[in-house]
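Trainee: A single structure is presented below for examination.
The values are calculated or read from the model by the stated rules, or taken from the named source; none is laboratory data. Bear in mind that the values here come from a model prediction, so they are computed numbers and not experimental data. Reconstructed Cβ throughout: ideal geometry from the backbone, glycine too, with neighbour counts over all protein chains shown. For accessibility, only protein heavy atoms count, side chains too; no ligands or nucleic acids. Shrake-Rupley method; radii C 1.70, N 1.55, O 1.52, S 1.80 Å.
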Amino acid sequence: GTVTTPATNDLFSVSKADDSNPALNATESKRFHTIVAKLLYLAKRARPDILTAVSFLTSRVQCPSVEDNQKLCRVLKYLNGTKHLGITLQQSFNHAVAYVDASYGTHNDCKSHTGIFITLGAGPIYVGSSKQKITAKSSTEAELIALSDAASHIIWVRNFLLHQLGRSASREPTVIYEDNMSTISLISTGVINQRTRHINIRYFFLKDRQDAKEVSLRYLKTENMVADLFTKPLQGSQFTYLRSKLLNS
């Protein structure tokens, strides 16, 4: 069969194993693990549009249930109906551009999810979709954590272009698009107040990089935020639109 998206809205929900949702037996679990590993290889190299679903499935390989297997089958059905899709890389400028987003409190344990997309014009040169390691108290804090986690990848790409490939244009600040104005303001000012004094100082790392003119934060509306694909299971026309921007195909 075929489906139009790789995951439904309940992708991140985890049900307790019971009679209605039994754990897979040893043979089925091994098959589940094998297929997820193959999908991860595919997602990282040619089909990043399935990365969010695969990222979740990799966290379930130790104790997969029937429900997890159904989510795996949906990814396979999606691929079955979109075999023609793939990445088309196109360089439009000599410096990298990054998109970073976070989905607040989307997991059962109330942790948020980070999405990263880096490009040289069209098509991805790096993508990431991962559950955040700490619990954020607000969407602004979740976005700040996402930016901090993404910063190391972004700066590595910048330094690679500048020092390994000798692209002088990469001396310009790397543009990072973000869809939360509060987070941009918080990083730009670095001001700690009543609502933000609990935030670990390491998440203000990006302010130093911005002051050093290595990166530049810019606002982008959520509907155009490609990294949104890597934070939650989008549906319908929004998924199709962002997928076309992601794959450039």
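Trainee: Hey, could you pull the Cα Rg and Dmax for the range 93-192, both in Å?
Mentor: In order Rg, Dmax, the Cα atoms of the range 93-192 give 14.4, 45 Å.
Trainee: Using a 1.4 Å probe on the protein heavy atoms, what percent of the accessible area of the chain belongs to carbon and sulfur?
Mentor: Working: 6350 of 12430 Å².
Here it works out to 51 percent.
Trainee: Cα-based Rg (one decimal) and Dmax (whole number) for the range 1-116, in Å?
Mentor: 15.9, 56
Trainee: Which whole-number percent gives the relative contact order of the range 1-57, counting Cα pairs below 8 Å spaced six or more residues apart?
Mentor: On the way: 20 pairs, mean separation 20.9, N = 57.
That works out to 37 percent.
Trainee: With all pairs of different alpha carbon atoms counted, what Kirkwood hydrodynamic radius in Å does the chain show?
Mentor: On the way: mean 1/r = 0.0525 Å⁻¹.
Result for the chain stands at 19.0 Å.
Trainee: Express the relative contact order of the range 2-112 as a whole percentage, based on alpha carbon pairs under 8 Å and six or more residues apart in sequence. Could the numbers behind the result be given before it?
Mentor: Values: 97 pairs, mean separation 42.3, N = 111.
Relative contact order, the range 2-112: 38 percent.
Trainee: How many angstrom separate the Cα center of the range 106-146 from the Cα center of the range 46-102?
Mentor: Measuring centre to centre over Cα atoms gives 15 Å.
Trainee: A further question follows. At 0.36 nm per residue, and after removing the present C-alpha to C-alpha distance, how many nm does the segment from Ala17 to Val66 gain when stretched out fully?
Mentor: Numbers: separation 49, 0.36 × 49 = 17.64 nm, distance 0.87 nm.
16.8 nm is the gain from fully extending Ala17 to Val66.
Trainee: Using amide H atoms built 1.01 Å from N in the peptide plane, name the residues 5+ places from Val175, or on other chains, whose amide H lies under 5 Å from its own.
Mentor: Ala98, Ser216
Trainee: Under a crude label model (7 Å from the Cα following the beta-carbon direction), how far is Lys213 from Trp156 in nanometres?
Mentor: 2.7 nm
Trainee: Moving to a separate point now. Per the helix-only calculation at 222 nm, which mean residue ellipticity applies to the chain, given -39500 (n - 2.57) for every DSSP H run of n ≥ 4 and division by its residues, nearest 500 deg cm²/dmol? List each step's numbers first, then the result.
Mentor: Numbers: 7 runs with 93 residues, N = 249.
Result for the chain: -12000 deg cm²/dmol, rounded to the nearest 500.
Trainee: Moving to a separate point now. Do any trypsin sites (Lys or Arg not before Pro) in the range 1-96 lie in a loop, going by DSSP, with at most 14 other beta-carbon atoms within 10 Å of their beta carbon, and if so which?
Mentor: Details: sites: Lys16, Lys30, Arg31, Lys38, Lys44, Arg45, Arg60, Lys71, Arg74, Lys77, Lys83; in loops: Lys16, Arg60, Lys83.
Filter output for the range 1-96: Lys16, Lys83.
Trainee: So for the chain, averaging the separation of alpha carbon pairs under 8 Å that are six or more residues apart and normalising by length, what relative contact order in percent results?
Mentor: On the way: 434 pairs, mean separation 60.1, N = 249.
About 24 percent, as a whole number.
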